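Chemist: Okay, handing you the structure first.
The values are calculated or read from the model by the stated rules, or taken from the named source; none is laboratory data. A quick note: this is a predicted structure, and the numbers were derived from the prediction, not measured. Methodologically, a virtual Cβ is constructed for each residue, glycine included, from the backbone with ideal geometry; neighbour enumeration extends over all protein chains shown. Each accessible area value is taken on the protein alone, full model and side chains, heavy atoms only, with ligands, DNA and RNA left out. Shrake-Rupley method; radii C 1.70, N 1.55, O 1.52, S 1.80 Å.
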Amino acid sequence: MRLRPLIVTSIALALLPLSGPAYADDPAPTPTPSVSEPAQPSGDPSTPPAEPEDKVEDGLGVDGGTARAIVELTDPAQNAPVASQAAAESVDVVLQPQSQSFMVVEGTAEELAKLAEDPRVTSIHSDRTYTPADIAPNLSLIGADQAHAKGFTGTGQAVAVLDTGIDRDHPWFGSRLVAEACFSAVESGVSSLCPNGATSQTGSGAADATTANCLSGAVNLCDHGTHVAGIAAGTGGVAPGANIVAVQVFSRVDDEDICGEPSCLLAFESSLRQAMDWVAGLTEPVAAVNLSLGGSLSETDCDATEEGTIFKPKIDALLAKGIATVVAAGNEFFEGASYPACISTAVAVGANDGSDAIADFSNRGAIVDLFAPGVDIESSVPDNATTVYSGTSMATPHVAGALALMKQASPGTPIADLINTLKTAGRPYVYQANGTQVTTPRLDLAAALAGAAPQPPISQTPTAEPAPEPDPSDSSGPSPEPDPTTDTEPEPTPTSSTSPVPLPTVTVTVTVTPTPATTATVCTRGTTAKKLSAKKWAVEIHRSSGTIPDATLTCYLKLISKSSKVFPEVTKASSLGKAYRVLKNSKTSKARLDSALLTAWLNWAHGTNGTTTLTASEKVRLSGKSSASALKKAAKNILKTVK
């Protein structure tokens, strides 16, 4: 089995949509200059590569075994004949959506290469997975209480929540759940969360978050979606009059090699694509699609990347129908955003706290469109309860709900203009990111509805990453240092102004009392910015022999699994024991490169920020054609970054 955590989200939910009534057949609005107009991205996957070998993503099955992959086709009509041919050649076809121009298969590198020879196949890439973004007086801060007092509650609009399902009979939702669906991938070790046990289901009950597969002992793994829906459109949320469209897009994974713990939830790319198309076809007037999930990180817009060319057309198609796609920027304390928030036509949302400061954990920078409250947010969870979570997952539905109110107030205004109004009316946060001054608005719904000027800017002084030691080329690699036994550096646990809980490791006791529950620290990058060698990291990771807490190290491995294409997909390093063995192994060229890569990624998670050389070296590792000398050179390039 080959999973590639991206989004969402261990659940950083790090486990990631609106005009008159926005029906599926609405004409495309004309966007204003502040919102990118939908356009066919460069790198269109419909253009077949010149050679079959160029169609297959590097790294698929490179170290033996089978890989789960999406096979892109020239058009939907080719789905059945290509699937039949693949099955005849012993390739396992695991998903065959008839209305889509792709199918999902599981095969070896050789089988996928053979399949790529078919001219009806345009490309083959991993069925990437996304984790829910970490769960980290919010309504009054954004002026939602003033909007409600004027009669704006989102009535006549809907918010679509693509997440872990919903508690259908929770009192926060009443009778406003108007449509449900489930798209949940399955394979060995991966179970569907659809109530019918299949890979898809639509209709009443399809997004139920209280099924047996959502439970792990006394913990409901699927509570994230109910919490997000409550913020967007619950009785205690931003749009208490709006309808709710609930879509389950996650699958349950019972594989400690992938999760770092017995069970977790992941959303496969194939599930997300089907869900977004399903929402686009609804006749229900939908104002926004909420994606509180995310994957790998990007400092700039990611439209031209492989993932961008897949998801930007989906987001643009929704935008053309008057539906905004609102996505969590991520909780990695990174100057950029995670996929798919980094796509230019998505609305990327970071988190602020109740004192109008950027949340310590929140991603930030020029590609973040808005900040919204995301610290200690109380909302609904299954079993008719409420609890407090934090994260950009919680900030995102504030914006989705706000768009429902904007749409109710001005149903004839194009959605692009409504998004722009939220951005121009928001209170400016002024701060430094990527070496330059950035201004990002904080959601101010009252000002947007009133057409008022924005409040005065707030100069932000969030916890800054200490500058790493001077490095002319990159700052991601391991550094040479004295014997680890002399290293007594105390480890500051990553701090946060929040107390969020990653979904896969929820330990909070759900309560219905007014007192907020205390939750765990958010999983985010450290701020030490001190590089350690492979030897020192091995000392830290070896149980009880280092100064960094196991919980912090486990958090680092989760962040690495979202950002790296090698870990844990090609090389298993999702648990502390496996990571230790990778760091200590130097028997082959591949093993030495893996050790250098993991060391560099750990330094990145610890607080250094460079990933340029890491990305280049990972391409060498993932290629099935790399010689021993090429692998050695890639490892050497990583080591050179600290000299």
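Chemist: How many residues does region 388-413 contain that are of a type outside the set (Phe, Trp, Tyr) and under 22 Å from the mean Cα position of the chain (by Cα)?
Modeler: Total satisfying the criteria: 15.
Chemist: Additional query: Only one of (1) under 23 Å from Arg592 (Cβ atoms); (2) open to solvent by less than 30 Å² (accessible area, probe 1.4 Å); (3) modelled with pLDDT under 80 is not met by Ala538, so which one is it?
Modeler: Against the list (1) under 23 Å from Arg592 (Cβ atoms); (2) open to solvent by less than 30 Å² (accessible area, probe 1.4 Å); (3) modelled with pLDDT under 80, Ala538 comes up short only on (3).
Chemist: Still on this structure, please answer the following. Out of Leu405, Leu418, I need the residue that is among the hydrophobic types (A, V, I, L, M, F, W, C), open to solvent by less than 20 Å² (accessible area, probe 1.4 Å) and either closer than 25 Å to Gly294 by Cα or not in a helix (DSSP H, G or I) (or both). Which one? First the steps, then the outcome.
Modeler: Values: Leu405 fails: either closer than 25 Å to Gly294 by Cα or not in a helix (DSSP H, G or I) (or both).
Answer to the check: Leu418.
Okay, residues lined up against (1) small (Gly, Ala, Ser); (2) modelled with pLDDT of 95 or more:
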| position | (1), (2) |
| --- | --- |
| Ala242 | yes, yes |
| Gln248 | no, yes |
| Val286 | no, yes |
| Thr300 | no, no |
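Chemist: Considering only residues of region 67-105 that are within 17 Å of Thr122 (Cβ to Cβ) and acidic (Asp, Glu), which is most open to solvent (accessible area, probe 1.4 Å)?
Modeler: Checked region 67-105; the qualifying residue most open to solvent (accessible area, probe 1.4 Å) is Asp75.
Chemist: Next question. Could you please find all residues in region 154-171 being under 26 Å from the mean Cα position of the chain (by Cα) and surrounded by fewer than 21 Cβ atoms within 10 Å (Cβ to Cβ)?
Modeler: Arg168
Chemist: In region 351-374, which residues are in contact with a helix residue (DSSP H, G or I) (Cβ under 8 Å, 6 or more places away or on another chain) and open to solvent by 10 Å² or more (accessible area, probe 1.4 Å)?
Modeler: Listed by number, the residues that qualify are Gly354, Asp356, Asp369.
Chemist: Continuing with the same structure: Of the numbered conditions (1) open to solvent by 10 Å² or more (accessible area, probe 1.4 Å); (2) out of contact with any Lys or Arg (no Cβ under 6 Å at 6 or more places or on another chain), Asp303 satisfies every one except a single condition; which is it?
Modeler: In the conditions (1) open to solvent by 10 Å² or more (accessible area, probe 1.4 Å); (2) out of contact with any Lys or Arg (no Cβ under 6 Å at 6 or more places or on another chain), Asp303 misses (2) alone.
Chemist: Okay, next question. So which residues in region 347-364 are farther than 17 Å from Leu291 by Cα, part of a loop (DSSP other than H, G, I, E, B) and under 17 Å from the mean Cα position of the chain (by Cα)? Walk me through how you get there before you give the answer.
Modeler: Here is the first cut: in region 347-364, the residues farther than 17 Å from Leu291 by Cα are 352-361, 364.
Right, trim to part of a loop (DSSP other than H, G, I, E, B) and you get 353-357, 359-361.
Result: Phe361, single match.
Chemist: Scan region 218-235 and report the pairs whose first residue is on the phi < 0 side of the Ramachandran plot and whose second residue is of a type in the set (Phe, Trp, Tyr) and open to solvent by 10 Å² or more (accessible area, probe 1.4 Å), with Cβ atoms within less than 6 Å and a gap of 6+ or a chain change.
Modeler: Matching pairs, first to second residue: Gly230/Trp172; Gly234/Trp172; Thr235/Trp172.
Chemist: Moving on to the next point. Just one of (1) within 24 Å of the chain's Cα centre (by Cα); (2) within 29 Å of Lys55 (Cβ to Cβ); (3) at pLDDT below 80 trips up Lys625, so point out which.
Modeler: Failed condition: (1).
Chemist: Name the residues in region 561-596 that are in a helix (DSSP H, G or I) and touching a Leu at 6+ places or on another chain (Cβ under 7 Å), would you?
Modeler: Across region 561-596, the qualifying residues are Lys562, Ser563, Leu576, Ala579, Val582, Leu583, Ser589, Lys590, Leu593, Ser595, Ala596.
Chemist: Same structure, new question: For region 397-443, which positions are more than 16 Å from Gly365 (Cα to Cα) and hydroxyl-bearing (Ser, Thr, Tyr)?
Modeler: Ser410, Thr413, Thr421, Thr424
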